[in-house]
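The values are calculated or read from the model by the stated rules, or taken from the named source; none is laboratory data. Because the structure is predicted, anything quoted here is derived from the model rather than measured. Please note: Cβ atoms are built from the backbone with ideal geometry, for glycine as well, and neighbour counts cover all protein chains shown. Calculation scope for accessible area: heavy atoms of the full protein, side chains included, ligands and nucleic acids excluded. Shrake-Rupley method; radii C 1.70, N 1.55, O 1.52, S 1.80 Å.
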Amino acid sequence: MRTSGPAASEAGAILSIDLDALAANWHQLRERANGATCAAVVKADAYGIGLTPAASALRQAGCDTFFVAQVDEAVQLREACPEAIIHVLNGLRESAAPTLAGLRLRPVIGSRAELTDWVALARRQGEALPYALHVDTGMNRLGLSLAEARTLAAEGFPDNLMPSLLMSHFVSAEVPDDPVTARQIADFATVRALFPEVPASLCNSSGIFLPDAPVCDLVRPGYALYGGNPTPGRPNVMRPVVRLEAPILQIREVPDGASAGYNAQWTARGPRRLATIGVGYADGYPRGAGGTDAKRLAGLPMGEALVAGIVCPFAGRVSMDLIVIDVTDVPAGAARRGALVTLIGDALDLDRVGHNAGTIGYEVLTGLGQRYARLYAGG
Ligand SMILES: *Cc1c(COP(=O)(O)O)cnc(C)c1O
């Protein structure tokens, strides 16, 4: 077991990370990719679980191709994985090009300007520097337009420097019948036909689970590796990787009509028992998960914790460092000072936690704070 951050006895909460589950999820996705290369997207500190431990575990599992968003992430990853293929999704800034080339990192190039810079560097260095080419099929964030890709195919690559990977990204892969998906698959087939000799990649996590998944030559899962549900609304077939537990700091009994938390947004209906834990929005736990009277009246979701296996709602707003939970339904012997409550884990999977906070599991995961005691098992 490896640890990082404060000691479990001193931290507000304990974040347990199961690296064997991470590896098992990668194996499952690779199976589903049906012969295509299964890469791993480890941007944003491996979606919050820790880049170095995550990448090392994935590397051991057999993964040799990675994607990060930023150059500094790639530099850190290069130390953990000296031989891996590392792509930088956010493209190429001219100032970072020498660092990229020096560490054998591959920019995901998404404009003619970036391509010009990369080719110029390759010419100066006298070597064929590999890179991926991103063609946009609907996101309108990064990537060459279809028209630009056609022009490039007609003109040929400058200095004949071919990309090592051709890619695009889904707009709505988690909503399988969204018509944009079929249109993107068709457009990407057109792009592939322009550059038939270049290996291609389209699928993120949810893309791998589409009917007739267009796995191409390489898939790029992120969220599902970390236990997120790639098929929202259907059962999650991935293994949970993270678990967040916090000890109860204090229990109090409040009378009917009492309020809890900032701005008194929660009111006790009858005598209630409240438990306070030392986790808050400064830990990355979303403030949007507050348990307020207004949400209850409107039937909106709100934050929950599992106390002795019983689902307990938040009472009042999420503070910077504290959350109050209504534990009235839990036997008094189980909801006591020092007992651990579960914020992420078991029935409270990432997707439900995100939903309860009015956001998505991705944001909960990537927000996991640095104040937790982190315990890494397996790997
Ligand atoms: C983040 C990202 C992925 C991974 O997406 P998930 O939904 O987390 O699987 C894949 N490709 C690109 C371009 C990305 O930005």
Completion exercise
Per the list (1) open to solvent by less than 50 Å² (accessible area, probe 1.4 Å); (2) modelled with pLDDT under 95, residue check on P176 breaks on (1)
Practice task
State yes or no: is A44 within 13 Å of the ligand (Cβ to nearest atom) and either polar (S, T, N, Q) or touching a strand residue (DSSP E or B) at 6+ places or on another chain (Cβ under 9 Å) (or both)?
Solution key: yes
Exercise for the section: Considering only residues that are among the aliphatic types (A, V, I, L, M), in contact (Cβ under 8 Å) with a residue 60 or more places away in the chain and open to solvent by 10 Å² or more (accessible area, probe 1.4 Å), look in the stretch 209-224 and name the one that is nearest to the ligand (Cβ to nearest atom). Expected result: L218
Exercise for the section: Please go through the stretch 328-350 and pick out each residue that is surrounded by 22 or more Cβ atoms within 10 Å (Cβ to Cβ) and either within 16 Å of the ligand (Cβ to nearest atom) or under 15 Å from G284 (Cβ atoms) (or both). Expected result: L343, I344, L350
Handout entry: G338 within 17 Å of the chain's Cα centre (by Cα), modelled with pLDDT of 95 or more and not aliphatic (A, V, I, L, M)
Key = no
Practice task
Take the stretch 291-310 and flag every residue that is open to solvent by less than 60 Å² (accessible area, probe 1.4 Å), over 12 Å from V353 (Cα atoms) and small (G, A, S).
Solution key: G291
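Looking at the stretch 268-278 only, could you name the residues that are outside any loop (DSSP other than H, G, I, E, B) and either without any contact (Cβ under 8 Å) to a residue 60 or more places away in the chain or among the small types (G, A, S) (or both)?
So in the stretch 268-278, the residues outside any loop (DSSP other than H, G, I, E, B) come out as 272-277.
Answer for the stretch 268-278, where residues must be outside any loop (DSSP other than H, G, I, E, B) and either without any contact (Cβ under 8 Å) to a residue 60 or more places away in the chain or among the small types (G, A, S) (or both): R272, L274, A275, T276.
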Practice task
Report, by residue number, each residue of the stretch 250-267 that is in a loop (DSSP other than H, G, I, E, B) and either of a type in the set (D, E) or without any contact (Cβ under 8 Å) to a residue 60 or more places away in the chain (or both).
Solution key: P255, D256, G257, A258, Q265
Practice task
Evaluate the stretch 61-74: report whether one residue or more is open to solvent by less than 10 Å² (accessible area, probe 1.4 Å), in contact (Cβ under 8 Å) with a residue 60 or more places away in the chain and either among the aliphatic types (A, V, I, L, M) or in contact with a helix residue (DSSP H, G or I) (Cβ under 7 Å, 6 or more places away or on another chain) (or both).
Solution key: yes
Completion exercise
Checked the stretch 125-162 for anything within 20 Å of L103 (Cβ to Cβ) and surrounded by fewer than 22 Cβ atoms within 10 Å (Cβ to Cβ); matches are Q125, G126, E127, A128, L129, P130, L161
Exercise for the section: Select from the stretch 50-104 the residues that are within 16 Å of the ligand (Cβ to nearest atom) and more than 22 Å from D18 (Cα to Cα) and list them in ascending order. Expected result: A69, Q70, V71, A74, I85, I86, H87, V88, L89, N90, G91, L92
Problem - From T276, T267, residue being touching a Leu at 6+ places or on another chain (Cβ under 6 Å), among the hydroxyl-bearing types (S, T, Y) and open to solvent by 10 Å² or more (accessible area, probe 1.4 Å) - result: T276
